[in-house]
Amino acid sequence: MPSASSVSRPRLVLATLNPGKVLELTALLAGVPFEVVALAAFPGATLPEEGADSYRDNALLKARAVARAEGAWALGDDSGLEVDALGGAPGVRSARYGGPGLDDRGRCARLLEALAGVPAEQRTARFRCVVALVDPAGHEHLTEGVVEGLIAEAPSGAHGFGYDPVFYYPPRACTFAELAAEEKRRVDHRGRAVRAARRVLHG
Ligand code: ITT
């Protein structure tokens, strides 16, 4: 009888090129009965251009393309930050906010400029994450997670990625970038979406 470790597990490819997401998703998927592999492990791997105006369609676009190209299970994550005082922007365009010349730090700075003078009680915001799982036969599963917070007056903290330094999380009285990685995973949008997706992976 083969031991559990000698039975080869199906591959689950993370359909993202964002290293911050790869770290978080890998940790959130610990213990699933799959070999979790980042897309960057495949030389020359690319993702389709995100043209859709919904998280759902972008997550599916990424997961479908990778499932098809690799003949494996794929997990796509489309996520963003919705700021009420900006009518829900940057939202589904969070990665592109402020134009192509900006990095994460520049996008945070641009967001703070856009909110200059907006009082604390009007700085409400949420992170949203939609996870799409696509299996090699093309079956699709979608899950979503949301976490509510406020946009801080200034960036703070060195953990995480993206808008974490400006996302203030009232239950912990600090920004997401001030939370240890495992604490963020327990409460954030991606953690919520991936915990729901794990039910599909465990059959
Ligand atoms: P892939 O398409 O390769 O997955 P991306 O960075 O382009 O990577 P998205 O289009 O989903 O991904 O953009 C989501 C952006 O929202 C991301 O670049 C961050 O700026 C921000 N974001 C998402 N989740 C976040 C988190 O947990 N903490 C901070 N910022 C986050």
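So, in nm, how far is label A30 from label R172 when the simple model puts each one 7 Å beyond its Cα toward the Cβ?
Calculated label separation equals 1.6 nm.
Can you tell me the FRET efficiency between E153 and L102 if r is taken as the Cβ-Cβ distance and R0 is 22 Å, rounded to the nearest 0.05?
The pair E153/L102 has a calculated efficiency of 0.65.
Taking the Cα centre of the chain as the origin and placing charges on Cβ (Lys, Arg +1; Asp, Glu -1), which of S54, P43, H139 is farthest toward the positive end of the dipole?
Selected residue: H139.
Taking other Cβ within 10 Å of each residue's Cβ, how do E183, E82, E113, E24 sort, fewest first?
Least to most surrounded, the residues fall as E113, E183, E82, E24.
Normalised by the residues of the chain, what does the relative contact order come to in percent, with Cα pairs under 8 Å and at least six apart?
For the chain, the relative contact order is 19 percent.
Each value in this text was obtained by applying a stated rule to the coordinates, not by laboratory testing. Bear in mind the structure is a predicted one, so any value in this text is a computation, not a measurement. FYI the Cβ positions are ideal-geometry reconstructions off the backbone, even for glycines, and counts take in every protein chain you see.
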